[in-house]
Amino acid sequence: MFLPLLLLLSASNLFDGKTLKGWVNVGGANFRVENGAITVDKGPAGWLRTDTTYKDYDLKLEYKTAADGNSGIFLRSDATGKPHETGYELQIFDDRKDFKTGSIVGIAEATETKIKPNEWNTFEVIHFGPKITVKHNGKKVLETSDKRSLSGFIGLQFNPGKPISFRKISLKELVP
């Protein structure tokens, strides 16, 4: 791994499993908590973002969607503008021509990985300075570097007609 020696600050759960406390709905989709997971299946395209910005971190989460799911995790995005342009979009979409699941859209393509349909899948993202490492279902699928955004919100994407659930969302802040 490319990270220098780091001090891990205490881990925090970004999602308590019961409420959307600490999250902001952008766009009006029906993000809600069901069975310990953030679930969304109706409404316009949008995202649910943290109410706090983050710089360097180790983010872990689980997601569940159908084989044709199309979503993403926004990383270091601004509150306004298009989150995949002001920050990064970690792709959840196997059927895209390029930048498939595990890729950082427009930046770097992941090695081949697939969504386990209708099962819980895992992502781990280590974002330190310009460096980004992504693990999908325990396998490293991407390591890249980009300076577009060095701090911002974490977000969960919704595309109409593509239900998805997220759970066990935790983040450890990293400091050199």
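Overview of values
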read-out: Positive-pole candidate from 159, 35, 105, dipole of the chain, charges at beta carbon; value: 35
read-out: Normalised contact order of the chain, rounded percent, pairs of Cα under 8 Å and 6 or more residues apart; value: 35
read-out: Only Lys, Arg (+1) and Asp, Glu (-1) charged, at Cβ; the stretch 31-112 dipole about Cα centre in debye; value: 220
read-out: Computed over the stretch 135-174, Kirkwood Rh from alpha-carbon pairs, angstrom; value: 13.7
read-out: Solvent-accessible heavy-atom area per residue, rounded to whole Å², over the stretch 41-86 at 1.4 Å; value: 40
read-out: Mean residue ellipticity (222 nm) of the chain, computed from DSSP H runs ≥ 4 via -39,500 (n - 2.57), nearest 500; value: -500 deg cm²/dmol
read-out: For the stretch 67-87 versus the stretch 123-172, the gap between their alpha-carbon centres in whole angstrom; value: 10
read-out: Cα-centred dipole magnitude for the chain, charges only on beta-carbon of K, R (+1) and D, E (-1), debye, nearest 20; value: 180
read-out: Sparse-neighbourhood loop sites, trypsin sites (Lys or Arg not before Pro) in the stretch 84-130 - DSSP loop, at most 10 other Cβ within 10 angstrom; value: 97
read-out: Accessible area of the chain belonging to carbon and sulfur atoms, whole % at 1.4 Å probe; value: 51
read-out: In Hz, Karplus ³J(HN,Hα) per residue of the stretch 24-35 (6.51, -1.76, 1.60; θ = phi - 60°; x = Gly, Pro); value: 10, 7, 10, x, x, 5, 8, 4, 7, 9, 9, 6
read-out: Whole-angstrom Cα spans of the stretch 89-153 along principal axes, big to small; value: 33, 23, 21
read-out: Listed residue (84, 67, 19) projecting farthest to the positive dipole end of the stretch 18-130, Cβ model; value: 19
read-out: Given 11 as the ceiling on other Cβ atoms within 10 Å, longest exposed-site-free region of the chain for GluC sites (Glu not before Pro) in DSSP loops; value: 1-111
read-out: About the Cα centre, charge dipole magnitude for the stretch 93-166 (Lys/Arg +1, Asp/Glu -1 at Cβ), debye; value: 60
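The values are calculated or read from the model by the stated rules, or taken from the named source; none is laboratory data. For clarity, every value in this text was computed on a predicted model and none was experimentally measured. For neighbour counting, all protein chains shown are included, and Cβ atoms are generated from backbone atoms with ideal geometry for every residue, glycine included. All accessible areas refer to the heavy atoms of the entire protein, side chains included, with ligands and DNA or RNA removed. Shrake-Rupley method; radii C 1.70, N 1.55, O 1.52, S 1.80 Å.
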